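The values are calculated or read from the model by the stated rules, or taken from the named source; none is laboratory data. From a predicted model like this one, the values you see are computed outputs, not experimental measurements. Every residue, glycine among them, receives a Cβ derived from its backbone with ideal geometry; neighbour counts consider all protein chains shown.
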Amino acid sequence: AQSVSQHNHHVILSEAASLELGCNYSYGGTVNLFWYVQYPGQHLQLLLKYFSGDPLVKGIKGFEAEFIKSKFSFNLRKPSVQWSDTAEYFCAVSSSGGYQKVTFGIGTKLQVIP
Amino acid sequence: DTAVSQTPKYLVTQMGNDKSIKCEQNLGHDTMYWYKQDSKKFLKIMFSYNNKELIINETVPNRFSPKSPDKAHLNLHINSLELGDSAVYFCASSPVPGQGNGYTFGSGTRLTVV
């Protein structure tokens, strides 16, 4: 069975600081990887995804993530955060092919202080 | 024009009641899902339907019964509600199940059982 672990449960940063949120997954086969964001009181929105090709993936709002297969990692980064980035961030994984479900990590709450 | 819409947005009900949550998507996606997000923000898949056919049925009490009258609709009926059912329930859809397209989520239904 696949699983996802997110190391930081609550991160507090000042505006303009750089961000890196850790995500590791456990699965023996080929995977698809995702980062979702949930702003306060809202639904989840897809930030970026990886399914093949360039392991450095760029998403919306200046976010990027790097897939490192040897480390089973898919860390999310942003060079300079803004107050509007305050949200919950979820890493997710699904196996490739067939009717496979997407498994979410427990989420990381990011709080950006103006 | 909302892509994945859920009704109601909020639902407060007493223990023992039966309630339904409705979900509709206008994206033309073949696959729809129900996820439960608990008070700690953990997201857990409950069910998935592909073109009206049940393809994922996680370990969920049989008080929960999904129904998909067509591929654009996936409703969730809950019998004999319990306090532990209090959560936010998210509907989602994707064009291909478990593939690298990601999900489009609805805005959620906050269920409170008193």
Give me the pairs, please: first residue somewhere in the range A:102-114 and within 12 Å of chain B (Cβ to nearest Cβ) and in contact (Cβ under 8 Å) with a residue 24 or more places away in the chain, second residue anywhere and aliphatic (A, V, I, L, M) and part of a loop (DSSP other than H, G, I, E, B), beta-carbon distance under 9 Å, and either six or more positions apart or on two chains.
-> A:Thr103/A:Ala1
Restrict the check to the range A:15-22 and report whether at least one residue is more than 13 Å from every other protein chain (Cβ to nearest Cβ), surrounded by fewer than 11 Cβ atoms within 10 Å (Cβ to Cβ) and at positive phi.
-> yes
Can you find a residue in the range B:83-98 that is over 18 Å from B:Gln6 (Cα atoms) and more than 13 Å from chain A (Cβ to nearest Cβ)?
-> yes
Search result, residues across the range B:2-18 that are under 14 Å from the mean Cα position of the chain (by Cα) and small (Gly, Ala, Ser) | B:Ser5
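Okay, residues lined up against (1) in contact with a strand residue (DSSP E or B) (Cβ under 6 Å, 6 or more places away or on another chain); (2) more than 8 Å from chain B (Cβ to nearest Cβ); (3) free of Cβ contacts under 8 Å to residues at least 60 places away in the same chain:
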site	(1), (2), (3)
A:Val31	yes, yes, no
A:Trp35	yes, yes, yes
A:Pro40	no, yes, yes
A:His43	yes, no, yes
A:Leu47	yes, yes, yes
A:Ser52	no, no, yes
A:Leu56	yes, yes, yes
A:Gly59	yes, yes, yes
A:Phe63	yes, yes, yes
State all residues of the range A:66-99 that are within 14 Å of chain B (Cβ to nearest Cβ), without any contact (Cβ under 8 Å) to a residue 40 or more places away in the chain and either under 17 Å from A:Val4 (Cβ atoms) or β-branched (Val, Ile, Thr) (or both); if no residue qualifies, say none.
-> A:Phe67
Among the residues listed as B:Lys40, B:Lys71, the single one being within 11 Å of chain A (Cβ to nearest Cβ) and under 30 Å from A:Gly59 (Cβ atoms) | B:Lys40
What's the number of the condition A:Val93 fails, among (1) out of contact with any Cys (no Cβ under 9 Å at 6 or more places or on another chain); (2) at pLDDT below 95; (3) crowded, with 16+ Cβ neighbours inside 10 Å; (4) among the β-branched types (Val, Ile, Thr)?
-> (1)
